[in-house]
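Beneath this line is the structure, given in structure tokens, with notes to follow.
The values are calculated or read from the model by the stated rules, or taken from the named source; none is laboratory data. If you're wondering where the values come from, they're calculated on a predicted model, not measured in any experiment. Here the Cβ is made from the backbone with ideal geometry for all residues, glycine too, and neighbour counts use every protein chain on show. With ligands, DNA and RNA removed, areas are computed over all heavy atoms of the protein, side chains included. Shrake-Rupley method; radii C 1.70, N 1.55, O 1.52, S 1.80 Å.
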Protein chains: 4
Amino acid sequence: MGKTRLEAFSDGVIAILITIMVLELRVPHGDTLDALIPLWPIFLSYVLSFIYLGIYWNNHHHMLHTCTHVSGGVLWANLHLLFWLSLIPFATGFMGENHFASLPAALYGAVLLMAAIAYFVLQQMIIRVQGRDSPLRTAIGGDWKGKLSPVVYLVAIGVSFVLPALSLGLYALVALIWLIPDRRIERRMAT
Amino acid sequence: MGKTRLEAFSDGVIAILITIMVLELRVPHGDTLDALIPLWPIFLSYVLSFIYLGIYWNNHHHMLHTCTHVSGGVLWANLHLLFWLSLIPFATGFMGENHFASLPAALYGAVLLMAAIAYFVLQQMIIRVQGRDSPLRTAIGGDWKGKLSPVVYLVAIGVSFVLPALSLGLYALVALIWLIPDRRIERRMAT
Amino acid sequence: MGKTRLEAFSDGVIAILITIMVLELRVPHGDTLDALIPLWPIFLSYVLSFIYLGIYWNNHHHMLHTCTHVSGGVLWANLHLLFWLSLIPFATGFMGENHFASLPAALYGAVLLMAAIAYFVLQQMIIRVQGRDSPLRTAIGGDWKGKLSPVVYLVAIGVSFVLPALSLGLYALVALIWLIPDRRIERRMAT
Amino acid sequence: MGKTRLEAFSDGVIAILITIMVLELRVPHGDTLDALIPLWPIFLSYVLSFIYLGIYWNNHHHMLHTCTHVSGGVLWANLHLLFWLSLIPFATGFMGENHFASLPAALYGAVLLMAAIAYFVLQQMIIRVQGRDSPLRTAIGGDWKGKLSPVVYLVAIGVSFVLPALSLGLYALVALIWLIPDRRIERRMAT
């Protein structure tokens, strides 16, 4: 089975998610700075989630690049990932509206955690379809980023009930780790 | 006529439908569990409809896979299917907002029923275009899932006026039946 | 210049327009038939506009099928068409919310008229790019549908201030005329 | 790395942005001209932003046309551009709702300025990936439009605090400059 429609559908869903989040940035009543300033936590949450969805799209792009065909299991593992990503706009709005309070910050982390697990499952599915000598397995190597992220999310969820600002910092930290270009797959595909 | 744009357009519409449903999950006022818990019926409806739209996308993907070209009739049968799918977010919201009351549960079933009929019509159209030795006809075989689903929807619509929770269970059951991978088309295409 | 991205972008915009219209169908408060019934004018407007956008997508599909390459002018003529199509959800909501009152019915017709003109301009642009022996020119022939539609829209706009129900009937009539399959382009491409 | 998905994702995001702006055009209560007329500043802002997003899509299309492959840096520079474009619907709504008051007009200019800078960065990234003899570098030549636009935006932001109507005129002027077809890349690709 070809991967073209899987890519197209995932691109579509992620493109929509990344843009409907901006609808949470509601146009304020009034044309002064005083009307605009209270939007900062919603804007900050938007930036963070935009980066996260960008990272997922980027990594998804790289991961599928190593595939030539997909199985029914991969299609469903992919939909499972998209399901958790689809909750990011809600979690983002919940966190932004409540100025990074404890429960919203924890829920945001929980959605990120589930998305990370779903991504891992999808990765394993693809490796299984590719069989031995899987180019994806070779490309990801030890996958320390994929292993570290869920641990940090778990810590951040715990921390959010004590110091939600710190948990937000941890989410930003994980995003930063992923932003550092991961040349493994690019290098692998070049050889 | 090529099938590329038909696939792209259908992917686009289904991707948008699957994501705008999440807009029904409105960010609650308040940052406590008490603010979040009343959302559970909307969330549950969302999960069910996400799975249904995922199944439709998946089956659509497989069905079009057997095609090399499409006719004007297929384009319209496809738009007809997309029309009924486009009502799923409304029916989902109506059911979730009203905690699975009778009429919303029946309406949800009616939309699923019409979508199933539209899918069947599209399938027949494609088989007719493919002519004798249609790979799709061979692939679907007796099509017991396609025949059973509308019957269960009809039963569930009737049941919803007596015991709406049971009709919801029936909708979930049909989803489960479809989730079990259908290897017929994959097998057929492999040979 | 290739036409792939032009098709993809147009498919994306039309797919979004056809689905965001459903957001006007707001989930009613209450779970009874009494809550649902007042939605019928919005639903009816939705069906009509869904069919119109389906027709535009379908014809756009056929028209681009005759092209191998596009010019900068075609890109802009296409965006111009998409602009008027993008006003269909607004005009649909305005007409549905106001139970087919005079001004909303006239505005709906005006948007359809502008879209028809924009479609005609795009068609001419493509014919010019194709030069003499343009397959599109041969395919559309006398283009009686394209010439009749704006006239009917103009009549319907006038009629809407006297008998808005009749203007709605005229819009439905034009849709019906277009729904009758237009085999000209298909036949031309087959030969 | 191929550019297909980069194009598809960008097309998706821009298609969504260009259409969700229309959601700001809220269906008015009432069916008279008096109900419709107050929407004119929102409509005017919509037209301006539609043209801007159309220009960005058009130029993006041309720019990517000169590429055969992209790097990880290009992916991120592209996401950075999409981020600023994603703020256009918000800035448009803010300006339209407040009848082109000073702060909203300045914010609109700031978003256009950031998008222009992001576009410039993306252009430089692609030129760097293409190496010496970059077809994009040759194609854009002196890039006077790309250099003039940010200067005009800066002037317009300053002007908006004195005479916001003039700043709006300046935004329209820049759009007009870009609308004049830029045959450089087309010509370059033809040779």
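Details
- Output for segment C:17-34, where each listed residue is open to solvent by 10 Å² or more (accessible area, probe 1.4 Å) and more than 9 Å from chain B (Cβ to nearest Cβ): C:E24, C:D34
- Evaluation of C:V111 against (1) surrounded by fewer than 18 Cβ atoms within 10 Å (Cβ to Cβ); (2) within 14 Å of the chain's Cα centre (by Cα) (one fails), failing number: (1)
- Checking every residue in segment B:42-51 against the condition of being within 14 Å of chain C (Cβ to nearest Cβ) and closer than 30 Å to C:A175 by Cβ gives at least one match.
- For segment D:136-146, filtering for residues that are among the basic types (K, R) and under 15 Å from D:L112 (Cβ atoms) leaves 1.
- Per the listing C:L168, C:L176, the residue uniquely at pLDDT 90 or above, surrounded by 13 or more Cβ atoms within 10 Å (Cβ to Cβ) and within 18 Å of the chain's Cα centre (by Cα) is C:L168.
- Taking the conditions (1) open to solvent by 10 Å² or more (accessible area, probe 1.4 Å); (2) closer than 23 Å to D:D11 by Cβ; (3) touching a helix residue (DSSP H, G or I) at 6+ places or on another chain (Cβ under 6 Å) in turn, A:I14 satisfies each one other than (1).
- Among the residues making up segment D:129-160, those that are touching a residue at least 40 places away in the same chain (Cβ under 8 Å) and part of a helix (DSSP H, G or I) are D:V129, D:Q130, D:P135, D:L136, D:T138, D:A139, D:I140, D:Y153, D:L154, D:A156, D:I157, D:S160.
- Which listed residue, of C:I37, C:I18, C:I51, is among the hydrophobic types (A, V, I, L, M, F, W, C) and touching a residue at least 40 places away in the same chain (Cβ under 8 Å): C:I51
- Some residue of segment C:117-139 being closer than 20 Å to C:L85 by Cα, among the hydrophobic types (A, V, I, L, M, F, W, C) and surrounded by fewer than 13 Cβ atoms within 10 Å (Cβ to Cβ): no
Residue-by-condition table, conditions (1) within 14 Å of chain A (Cβ to nearest Cβ); (2) surrounded by fewer than 20 Cβ atoms within 10 Å (Cβ to Cβ); (3) modelled with pLDDT under 90:
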| position | (1), (2), (3) |
| --- | --- |
| D:T4 | yes, yes, yes |
| D:S10 | yes, no, no |
| D:L36 | no, yes, no |
| D:W40 | no, yes, no |
| D:L53 | yes, no, no |
| D:V74 | yes, no, no |
| D:A77 | yes, no, no |
| D:F83 | yes, no, no |
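- Checking the stated criteria, D:G146 turns out to be within 20 Å of D:L79 (Cα to Cα) and of a type in the set (G, A, S).
- Residue check for C:L103: under 17 Å from the mean Cα position of the chain (by Cα) and either open to solvent by less than 30 Å² (accessible area, probe 1.4 Å) or over 30 Å from C:T4 (Cα atoms) (or both): no
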